[in-house]
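Note sheet for the following structure.
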Amino acid sequence: ITSQACAAHLAIVAARGAGGYENGVINWVYQNPWLFFALPPAAGAAQPVCLSDAYRAYLYLATYKFLFTVAVYTMNGTFAGFQTVDTLFSYCGRSPPYTGLGGGSSSSTIYQILGYSAHSNFSCELNSLVGKQQLFYELYLYDRKTDKSVPVPVRIVNLQSGGVPVNSKYPKFLCDSSDIMVRRFFLADTISGIASTSSSSSSLQAIRYATYMNLEIALSKTIAGHIYPPVLTIYYNETIPPSTVPDEFEIVDITFNVDYTMNMDNFKATLITFFIIVMVFTGLLFFLRMYYWNMRNTRLSTNFTAGVDAGIVNAKSAFEFALLAMHTWVMAFFPFTVAVAWYFFLFFKIETSISILMPPQYHIYRSSSPYFLFTTNLHVMAFFQFAYVCVMVARQCNADLFFIDWEPARSRPDSAVKGGQTPQHVSVWRSILVANEWAEMQTLRKTNIKFTLFMLGFLMVAQDLQYNGTFYPVLSDKSPGEFNVLLRFANTTFFWLVLAYGQYVLKYLGYEQFVVEPPEQLFIDFCTIAKISVIVLDEKYHGYYLHCRSPHQYAEGTMSELVEMLHKEEAGLTSDRSLEGAPPDVQSFQIFLSGECRAAFDKVYVTLAGAEASATSVNESRARAAKARAGPGNKGSSLTGGVWLGQINFVPTDKVVRAWKELTVFLQEFIENNFGKPGLRRVIREPTYYEKLFYAGPNLTIPEQPSVFFTDRDLYYTTVMFLGREMDLLLLNILSYSLFDLWLNSTITSVLLCYLLDYSIAFVRRSWGQATISRKTLIDRRFLI
């Protein structure tokens, strides 16, 4: 704007402006074209020119179709008339057979409908522009209310003042306060690039063309039902022909975008308020969870050294606190993010009159983008939840598992023995069957992920419901278009939750109520018939106990004996199944061990652990030797096993068996409450609602307190397997799918990747879990089928 031509025009405006302006428009003087708005921006101006009331378009939103026109001028300034815009900005195309890749009169004009943001990219053969008449344009928006045309400001990104650019390519909202807005623009310049006009050898040395055009239309912030005048942003590029072919210009890409948007300042202020509230809630929930975790894992005793057990912060507790912080973040911010996304989806897609428009979607990973916080938070939640689930799987696979067989040795008549009775050994097959049922339940879930993903893909692709996530403000319009990342997340999350919770409700209220009992209850019934109780410790001082000591004398017998026992129990002719001192019919308990009980347990368990380590080393040596004997290419027989995760068969030694029997006796005495020391005894009580809600336990930090058994009427023992972790797994499924969808913008690919991730986690859990069951229960892995 400091060139000689601009300086001359400014001098004329300044000289003639004293006599008044044409039509009351500043900088439009007599017998001169109106080329620019206020220049430079007035010092201390309350708002930029594009938001000024002087040029506001008072359009009622009931006027759904906009009419844009341009005043056309020739190179010498002659007015050539008005014409509608329509496909004007798709000014360049391609020659056959590539016409579909270029612009032209067949380009979409859907952007003329209110709210229909449209982004188009097309290629252009610059040679097709050579020889066309050089034209200039002034853009207007026709205002049906006032029957007038409202001038549309134009931002030229290439505009410079003193060699410094004054307009950015991506303003904060419509335009920045320092922007210089002009009136006239061109789409292609094939005149100024001619080297000479006097020589017969003159040729076109360069073409300047509009490579990026963005028309932004925004709702008025101050007057409901009105809009600001649109703002057209243009970025020009210049190209020269290659030296080898002087008259041939390259094929270039051109972008034309139309964005319907609104000022987000008020929404951002509200969002920050809710964000602070959610952050406070997240902090309180985190400290509450941290406090109860610390209380569950803190024991003061003179029998063991200080550490995490004494409440001292170290690497283990720091890791746990970080894990709790990540999981708490996901628990708090996932519903918050979904609520924000559904808010925009609901009011943008379903409202009868538009009051909300989506902000432009450019460079969503930049901090200046309105979608930056959403995309960042989605990445954070997805990786946090993935880390939490990985740790959860590792802890489930490493949980201590014990089977307590209550079956007494049964004697058979033998006249050759004194007393006429010979005691029989208790069969191990019942334990093998229980171990198999436990192994099968490891990756069982409340919902079917295959069905969920199949239905999601069917609804999104086959039924075109994925196009609910486009920039089009009408929900019934399933026309293909550019997806909005926030609307797409809201759309897919809605169907994820409907499909998942639909399965859960149907299974809980229908199938498991009238057809078959839940698998967690069937497992307890099966263990009760087998007369084998289960103890699983997921933390050092916390775990679950399934009291499955059948009221019948023997579990092993003939089919007629088994049927007779079931009939007696059904008729109420036997004692209750529950543990002594517990409420009737309660067989599942959440256990909190005292420090003395855990110390006594460790004293016995260390013998078993040492024997297991020795046996494992022997088994690995045997497996490697057997594989070496088998030769390369032979993976080994079922007797030797492989050397991969969970494939080495654990064959217990006599020392391991003796240590295991000693530990079983200790656990039986503990369950039956036969110890005399207060710290080795147990009490049973009902948990309060508060304790169940926040996963809180009794305060056992003070020594010489008995262990506490909470009744587990809701069968929370399933939290040591996938069955009780449905919410965490569902969150990972939704977040991983949403992240893949954000990266790839493909429903089918996202479904496939989500399934592969879920399958991989389930495979690790199943393989690693079977190896743990084999090692903890001394049951050879070859029996786990």
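The values are calculated or read from the model by the stated rules, or taken from the named source; none is laboratory data. Given the structure is predicted, the values throughout are model-derived calculations rather than measurements. All Cβ positions, even for glycine, are placed from backbone atoms using ideal geometry, and neighbour counts span all protein chains on display. Heavy atoms of the whole protein, side chains included, go into the accessibility calculation; ligands, DNA and RNA do not. Shrake-Rupley method; radii C 1.70, N 1.55, O 1.52, S 1.80 Å.
Whenever a residue of region 247-271 is over 30 Å from residue 101 (Cβ atoms) and touching a residue at least 24 places away in the same chain (Cβ under 8 Å), its partners that are open to solvent by 80 Å² or more (accessible area, probe 1.4 Å) and of a type outside the set (Asp, Glu), lying with C-beta atoms within less than 9 angstrom and at least six residues away or across chains, give the pairs 262/221; 263/221; 265/221; 266/221; 271/373. Scanning region 673-719 for residues that are of a type in the set (Asp, Glu), open to solvent by less than 70 Å² (accessible area, probe 1.4 Å) and over 21 Å from residue 401 (Cβ atoms) yields a single hit, 691.
Within region 435-454, residues that are farther than 23 Å from residue 501 by Cβ and of a type in the set (Asp, Glu) sit with their Cβ atoms under 7 Å from residues that are open to solvent by 20 Å² or more (accessible area, probe 1.4 Å) and part of a helix (DSSP H, G or I), at 6+ positions apart or across chains, in these pairs: 437/526. Looking only at region 137-167, filter to residues that are in a loop (DSSP other than H, G, I, E, B) and of a type in the set (A, V, I, L, M); which one of those is farthest from residue 91 (Cα to Cα)? Top of the filtered list is 166.
For (1) outside any helix (DSSP H, G or I); (2) in contact with a helix residue (DSSP H, G or I) (Cβ under 6 Å, 6 or more places away or on another chain), each residue gets a yes or a no:
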{"position": "450", "(1), (2)": "no, no"}
{"position": "455", "(1), (2)": "no, yes"}
{"position": "474", "(1), (2)": "yes, no"}
{"position": "478", "(1), (2)": "yes, yes"}
{"position": "501", "(1), (2)": "no, no"}
{"position": "509", "(1), (2)": "no, no"}
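Residues considered: 626, 696, 659. Of these, the only one that is part of a helix (DSSP H, G or I), under 21 Å from residue 543 (Cβ atoms) and modelled with pLDDT under 90 is 659. Just one of the numbered conditions (1) closer than 30 Å to residue 378 by Cα; (2) open to solvent by 30 Å² or more (accessible area, probe 1.4 Å) is not true of residue 741: (2).
For residue 131, the conditions (1) on the phi > 0 side of the Ramachandran plot; (2) without any contact (Cβ under 8 Å) to a residue 12 or more places away in the chain all hold with the exception of (2). Among the strands (runs of 3 or more DSSP E) confined to region 67-136, the ones with at least 3 residues that are within 40 Å of the chain's Cα centre (by Cα) are located at 118-125.
For region 179-189, check the following and say yes or no: at least one residue is among the hydrophobic types (A, V, I, L, M, F, W, C) and free of Cβ contacts under 8 Å to residues at least 60 places away in the same chain.
Within region 179-189, one or more residues are among the hydrophobic types (A, V, I, L, M, F, W, C) and free of Cβ contacts under 8 Å to residues at least 60 places away in the same chain.
Close contacts from region 21-40, counting a first residue that is among the aliphatic types (A, V, I, L, M) and modelled with pLDDT of 70 or more and a second that is open to solvent by 70 Å² or more (accessible area, probe 1.4 Å) and not in a loop (DSSP other than H, G, I, E, B), with Cβ to Cβ under 7 Å and a gap of 6+ residues or different chains, come to 29/16. Residues in region 94-127 that are open to solvent by 20 Å² or more (accessible area, probe 1.4 Å) and more than 25 Å from residue 66 (Cα to Cα): 10 in all. Scanning region 398-414 for residues that are modelled with pLDDT of 80 or more and assigned to a loop (DSSP other than H, G, I, E, B), we see that the one that is most open to solvent (accessible area, probe 1.4 Å) is 408.
Let's see how each residue does on (1) touching a helix residue (DSSP H, G or I) at 6+ places or on another chain (Cβ under 6 Å); (2) of a type in the set (Ser, Thr, Tyr); (3) assigned to a strand (DSSP E or B); (4) at pLDDT below 95:
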| site | (1), (2), (3), (4) |
| --- | --- |
| 347 | no, no, no, yes |
| 361 | no, no, no, yes |
| 370 | no, no, no, yes |
| 380 | no, no, no, no |
| 384 | yes, no, no, no |
| 416 | no, no, no, yes |
| 427 | no, yes, no, yes |
| 432 | yes, no, no, yes |
